[in-house]
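Following: one structure in structure tokens, then a few remarks.
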Amino acid sequence: QVQLVESGGGLVQAGGSLRLSCAASGSIRSINVMGWYRQAPGKQRELVADITNGGRTNYADSVKGRFTISRDNAKNTVYLQMNSLKPEDTAVYYCRILLLNVWGQGTLVTVSS
């Protein structure tokens, strides 16, 4: 079973940037859809962005134009570049393999105003 480990979270001021990484313990070459989700305090977990093996991307309306998802199959890693961060982006961010329903442990992003 492939395991996922997220990193790159932290505290940043509004308007700042962070890049999250999701490292898989095995090859992701054959894995079609991988995604980033987030869960803010008191709220349900929601999709932030996902990406197919062919590079097709999908974003939540709230992050379009600010966040970019990418993947490097050679490094078995999926990234989430987050720019122009807002306090409402504060959440635990999780990586997920959609088909296998495998989740990482999450990384906390805190955006101060």
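The values are calculated or read from the model by the stated rules, or taken from the named source; none is laboratory data. Everything numeric here is computed off the predicted structure, so don't read it as measured data. Backbone-built Cβ (ideal geometry, glycine too); neighbour counts: all protein chains shown. For the accessible areas, the whole protein counts, side chains as well, though only heavy atoms, and no ligand, DNA or RNA atoms are used. Shrake-Rupley method; radii C 1.70, N 1.55, O 1.52, S 1.80 Å.
The set of residues in region 83-100 being farther than 16 Å from GLY42 by Cβ and outside any loop (DSSP other than H, G, I, E, B) consists of TYR93, TYR94, CYS95, ARG96, ILE97.
When region 43-54 is limited to residues that are part of a loop (DSSP other than H, G, I, E, B) and modelled with pLDDT of 95 or more, the one that is surrounded by the fewest Cβ atoms within 10 Å (Cβ to Cβ) turns out to be GLN44. So is TYR59 among the aromatic types (Phe, Trp, Tyr), in contact (Cβ under 8 Å) with a residue 12 or more places away in the chain and either under 15 Å from GLU6 (Cβ atoms) or open to solvent by less than 80 Å² (accessible area, probe 1.4 Å) (or both) or not? In short, no. Looking only at residues of region 1-13 that are in contact with a strand residue (DSSP E or B) (Cβ under 6 Å, 6 or more places away or on another chain) and under 14 Å from VAL109 (Cβ atoms), we find that the one that is surrounded by the most Cβ atoms within 10 Å (Cβ to Cβ) is GLU6.
The residues of region 83-107 that are in contact (Cβ under 8 Å) with a residue 60 or more places away in the chain, among the charged types (D, E, K, R) and open to solvent by 60 Å² or more (accessible area, probe 1.4 Å) amount to a single one, LYS86.
Here's the yes/no breakdown for (1) modelled with pLDDT of 95 or more; (2) open to solvent by 50 Å² or more (accessible area, probe 1.4 Å); (3) part of a strand (DSSP E or B):
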{"position": "GLY26", "(1), (2), (3)": "no, no, no"}
{"position": "PRO41", "(1), (2), (3)": "no, yes, no"}
{"position": "GLN81", "(1), (2), (3)": "yes, yes, yes"}
{"position": "VAL109", "(1), (2), (3)": "yes, no, yes"}
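Within region 66-79, can you find the residues that are of a type outside the set (Gly, Ala, Ser) and open to solvent by 50 Å² or more (accessible area, probe 1.4 Å)? Scanning region 66-79 gives THR68, LYS75.
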